[in-house]
Each structure stands twice: as C-alpha cells, then as structure tokens.
Amino acid sequence: MPAGDAASQPGRGASAWRSLATGARLGWAIESNWTDPFLFAVYSVARPVAAALVLVAIVWLVSGGGRPDYVAYLVVGSACWTFVGGGMAGFVWAVLDDRERYRMLKYVVVSSVHFLPFLVGRASAQLIAAAAGFLVTLVVGVVLLGVPIQLTAIDWRLFVPVMAVGLGSIVALGLAVAGLCLTIRREAWSYPEAIAGGLYLLSGAIFPPDVLPPALVPVALALPTTWWLEGVRRALLGTPTPEILAGFSDQMVLIALCASTAVLTLVSWAVFRTFERLARERGLIDQTTGS
Amino acid sequence: MSASPYAHGPAASPAEESAWGPGRVLATNLRAITGRAYPRVRGSLREKSWIFFEIALPFLSVCAFVLVYRALAAPEAYIGFAVLGGAILAFWLNVLWAMGAQLYWDRGEGNLEIYFTAPISLMSILLGMAVGGLYMSATRALLIIAMGSLLFDVQYSVDQWVLLGVVFLLTLVALYGLGMLMASLFLFWGREAWHLANLFQEPVYFLGGLYAPIKVLGPLAALAVGILPLAVGLDAIRQLTFSDVPDIGFLPPEVEAVILVLMSIAFLLLARIALGYFERKARAEGRLMARWQ
C-alpha cells in the first residue's frame, strides 16, 4: 500500500471504535424501529416491572406486606437482572438474527469491520433498553412499594464502579455465549435464557445465597453477578445482605467483583476467539440452519 | 372409482373439479389437522436440545420461586404453588411461541404461502398446531410436575378429581383458543409479533398468578379473571389440587369452570373472525409473503 494511503487509514483503535459505534447504531435501529416510541417504552419497562411484581406478590402472600426489607431486596435484584437478560440475549440474537434472518453476518465478517467491537455495539442496544427497565423498576419500587432509596443517600462512590464493572462482566459473558452460538444451530436462542436462569438461581438475585444448598454457595461466591448485585444493593439501600455476604466490607465486595470479572473477561475473550476461529474454519459463518 | 375423497379422476370441466362435496372438504381439513399436528407429536421427543430447554427453563423458574418461598419461611404447601405454576408455564410458553408467533415464523420460512394456496381452512392449520402443541406441552408439564414434586416433596390434596379434570381440559381449550386468536392477529404483523409475544411473558406471569394466587393482587385479580384463561384456570386448579390450604381462591372453582367455557367459545369465535379479517387485509396489503420485516 502506498505510504499516503496507509496514512489516510484510521488507526486500529479508531477503526474498532467506528465498528462499535456502527454496530450500536444498527442494533438500536433494529431493536427500536419496529413500533412507535411509546409502545417501545412500554415494551422496554413492562417485563422487568412485572417480573418484580411477581416476586412482590409472593412476599405479600406469605407475609402480608410485613417484609419491606425483602421487598427492597427483590426490587433491586429484579431491576438489575434486566441487564443480565437483555445483555446476554442481545449478543445471541445479534449473531442469530444476522446469520439466519437478515443473512448479513457473512458480509460483516468479510468487510473491514472489526467483528468483536461490532458485535459488542450490536448487542449494546438491549443494554440501553435494559437501563430504562432498571430505572423504571426502581421508580415503581420506590413510589408504589415503598422501597427506601433516596437519591441523596445513594453511595455513588460505590454505585458507579460496581455498576461499570458489573456491566462489563455481563458483556464478557454475552461475548462468550455469542462465540458459542457462531458454531451451533438456531435453537441457540434458548441459551441466554438458560444461562441467565442458572445465574438467577445462583447470584442472589431474588434470595440470599445462604438459601442455596451448601454445595452451591461457593459457586455463587465465585460469580461476578453475585458481587455486582450485592454492591448495587449496598449502594442503593445502604445495608448489606444478611448472613454470608454481610461479612464482607464494601471494599472487599468491589475487589471480589473486579477479580471475578477479570477472570471471566479473559476466559470469555478466549472462548469467543476460539469459537470464531472454528466457525471460520468450518464455514459456519454463512450457513443458515433453519432448524 | 374408489370412495376415497382423494381419488382423482378426469373431470368434465374446471368448475366440476372445484366443486367439492362436504365430505371431501371435511376429510381434507381433518388431514390438514393431522398433518400439522404430526411434526409436533413426532418431534416432541426427537430434538433432544428442545426437550432439555423446554423442561429446564420452566424448572429453573420453579426452583427460583421455591427458594424464594423458603427464604420467606413460607408454609411448605406454598411450594406446591410454584411447582404447579411451572407446569402450567410450559403450556403458556407453547401457546405464546408455538401458537401465537408460529405463523410469523412460518412466513419467514416460506410455509405460510403454502398454507394459503392449499385447499384447506387456515383454522385447520391452527387446530393442528394446537393439538400437537398440547401434546408436546403436556409431556413437558408432566415431567416438571414429577421432578418438582419429588425434589421438593410437594403434597397434593385433591377431593374432586372429576372437576379437576374438567377444569384442566377447559383451561387448555381456552388457552389454545387464545393462542389461535393471537396467531390470527400476529398474521398481519412483522417483528411486532415477536416483540409482543415477548411482552406477554412476565406481565402474564404476574396477572395470571403463576407463582402466587391471584387473590393477592386485589382489584387486579378481577381484571385477570376477565381476560386471561391462565389466571382463571390456574386459580381453579390450585384450589382443587391443594384443597387443604384454605382461602386461596379468588372465585369458587365451579364458577371459574363456567368462565372458562365462555372464554373458550369467545376465543375460538374471535380467532375465526380475526383470521378471516386479517387474512383479507394481509392479502390486500401484500404482507403474506413479506419476510425479514
């Protein structure tokens, strides 16, 4: 390539950023342009709010409204979980839709787009929609259910890093599942639900990890989602989860979250690259499975 | 000539060929029902990954809700509510995705135009989907009930077996009638169909009283009973299955059985009307073959 042409090419970082931004714009358009903004807003918040209310109904049934602490625990857990469901599904659907439905994945792969940042951008639209669900679920919790969250009392110094690292762990997990989906058939759409369902049980989303069978407690403590939820709860509600998690300070929660996320990110990156290579070698990128 | 309605001989004119008797129309539609149900019945045990996910996903939910009940130190009988809800969830998910959204998938795969060009009523296709889906979901629901009952030691207390059987069947008829209505509505839609099916998950779990009796919902329970066969049927089934747990029903099971009969008739009629209307509209607007919307 002539030197002048090379100089006119964007650097690798800029190119990756442009791929991410393009993916995000495309993802957002696909996610949101199927209806008018009002219905899209209703769609984005109805599921997480209803998911929280299902759990609140159980608390009402058992305690007759006598467990406001547990209602707060459930509302924050359900609100956060919209990111996990949305984030994981965003990655998997980005692969499946682009490969099977719109049949564009092969063009993305052979173009100059950086595939990994593009995929992260493509999936980020669901995280943005999940953010709306997160906020509205918390507002419903505060206004209708009396969850004690006050803007002035939020520990922002804990909330911001915990949220940022926690979302990073969800993106890492989504990336690993997306890599796996590159090599398997269309029924992979069930995978994010199954994995999110498993994490839902193990991460203390709707009950403290102490309730789990003893053999599963160490597994729960190894998951970044457990520490992320605990950190968010401490930042918003000001109190730790009783029993096991109460024995950790805020700093330890943050360190455990960062450490488990770092491990997960490294593993996820390796998993994604391995499956991406396999998919290219086996010619699976442009295959529609129609199963 | 053979008596078979499918025996084909030379006709004097196209008009004669197209003049089908009621027997031939009925037989063709019965074959359509059987033909559409067949892949679901045969396929229910064929694709191992589907079996796993169709059982594992509702069962994970059951486990989560059982542990919530345990975290709240609820009476052990309440754990049965979660197991029962997980079993009925298998039917609801089937109605939503394999009935409501099915014609949307079929359009994407190119099957829809075949249905429309075949000399059959689309209601036969929907009925076949319902029969096959019902069988498929029943196998999943039975497994979820068995696993949940064994793992969490659920004790059932049934006094009125006949009424329980009748209410269960009525619930399924009403649910699949609603599925047929949704399939008719979704015929006209593109990606909206997929998103709306998604939207009908958690809100229906809440309003349908899947994991806690609808009585807890207060005034919202009346709304649920008015529109959701899942809410009515599950409330009646729960009362009849846990007859030793007092005061959990919103209405007496006999009244809920009558509501289910009315819902079944209404949904099937509405499905037929909606199917005709949206088919005409979709044909006029050229949407029957539009893919990748």
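What to note about this one:
- Loop sites here are chymotrypsin sites (Phe, Trp or Tyr not before Pro) outside DSSP states H, G, I, E and B with no more than 13 other Cβ atoms within 10 Å. The longest part of chain B free of them is B:21-291.
- Label zone at A:Glu187 (point 7 Å along Cα-to-Cβ), backbone N below 18 Å, the stretch A:252-291: A:288-291
- Two-site label geometry, A:Gln287 and A:Asp250: point separation in nm, points 7 Å out along Cα→Cβ: 5.2 nm
- Those lysines that a straight Cα-Cα span of less than 30 Å connects to B:Lys48, excepting residues fewer than 8 apart in one chain: A:Lys106
- Relative contact order of chain A, defined on C-alpha pairs under 8 angstrom at six or more residues apart (%): 25 percent
- Taking trypsin sites (Lys or Arg not before Pro) as exposed when their DSSP state is a loop state and no more than 13 other Cβ atoms lie within 10 Å, the longest site-free interval of chain A runs over A:104-281.
- Whole-angstrom gap from the stretch A:217-233 to the stretch A:54-76, using each part's C-alpha centre: 21 Å
- Rounded to whole numbers, the Karplus 3J(HN,Hα) couplings from phi for the stretch B:266-277 are 4, 5, 5, 5, 4, 4, 5, 5, 5, 4, x, 5 Hz, using 6.51 cos²θ - 1.76 cosθ + 1.60 with θ = phi - 60°, and x at Gly and Pro.
- Most mobile of B:Arg107, B:Arg272, B:Arg191 in a GNM of chain B (Cα contacts under 10 Å): B:Arg191
- Fluctuation leader among B:Ala74, B:Ala56, B:Ala12 - chain B, Gaussian network, Cα springs under 10 angstrom: B:Ala12
- The stretch B:241-293 and the stretch A:129-184: distance between their alpha carbon centers, rounded to Å: 36 Å
- If R0 equals 51 Å, the separation of the Cβ atoms of B:Ile265 and A:Trp156 corresponds to a calculated FRET efficiency of about 0.35.
- Overall form of the protein assembly as shown per C-alpha gyration tensor (a/c, 1.5; a/b vs b/c): oblate
- Where GluC sites (Glu not before Pro) fall in DSSP loop in the stretch B:15-118, at most 15 other Cβ within 10 Å: B:Glu47, B:Glu76
- Residues B:Leu169, B:Leu150, B:Leu185, ranked from the fewest to the most other C-beta atoms within 10 Å, line up as B:Leu150, B:Leu169, B:Leu185.
- For the stretch A:122-202, chymotrypsin sites (Phe, Trp or Tyr not before Pro) are listed when DSSP marks them as loop and at most 11 other Cβ atoms sit within 10 Å of their Cβ; the list is empty.
- Count Lys and Arg as plus one, Asp and Glu as minus one, and take only other residues whose Cβ is under 13 Å from that of A:Ala270; the net charge is then +1.
- Rough spin-label spacing in nm, given labels placed 7 Å along Cα→Cβ, for B:Arg283 and B:Ala118: 1.8 nm
- Trypsin sites (Lys or Arg not before Pro) restricted to DSSP loop in the stretch B:3-73 with at most 13 other C-beta within 10 Å: B:Arg46
- Taking other C-beta atoms within 10 Å as the exposure proxy, B:Met129, B:Met147 rank B:Met147, B:Met129 from fewest upward.
- Judged by the ratio a/c of the largest to the smallest principal axis of the C-alpha gyration tensor, the stretch B:95-179 counts as prolate, that ratio being 1.5 or greater while a/b is larger than b/c.
- Computed 3J(HN,Hα) for the stretch B:144-150, one whole-Hz value per residue from the Karplus formula 6.51 cos²θ - 1.76 cosθ + 1.60 where θ = phi - 60°, is 5, 4, 5, 5, x, 5, 6, glycine and proline marked x.
- Note on B:Glu109 and B:Tyr135: with the Förster distance fixed at 25 Å, the Cβ-Cβ geometry gives a FRET efficiency of about 0.70.
- About the Cα centre, charge dipole magnitude for the stretch B:142-288 (Lys/Arg +1, Asp/Glu -1 at Cβ), debye: 800 debye
- Rounded to 0.05, the FRET efficiency of the B:Ile273 and B:Val25 pair, given R0 = 22 Å and the Cβ-Cβ distance, is 0.65.
- Kirkwood-type radius of the stretch B:23-284, with distances r between different C-alpha atoms, in Å: 19.0 Å
- Cα shape, chain A, gyration tensor, a/c 1.5 rule: prolate
- Helix B:161-186 vs. chain B, principal-axis angle (Cα, 0 to 90°, nearest 10): 50 degrees
- Ranking of A:Cys181, A:Cys80 by count of other Cβ atoms within 10 Å, fewest first: A:Cys181, A:Cys80
Quick note: the coordinates plus some simple rules give every number you see, no bench work behind them. Since the structure is predicted, the reported quantities are computational estimates derived from the model, not experimental observations. Positions of Cβ are backbone-derived with ideal geometry, glycine not excepted, and every protein chain shown enters the neighbour counts.
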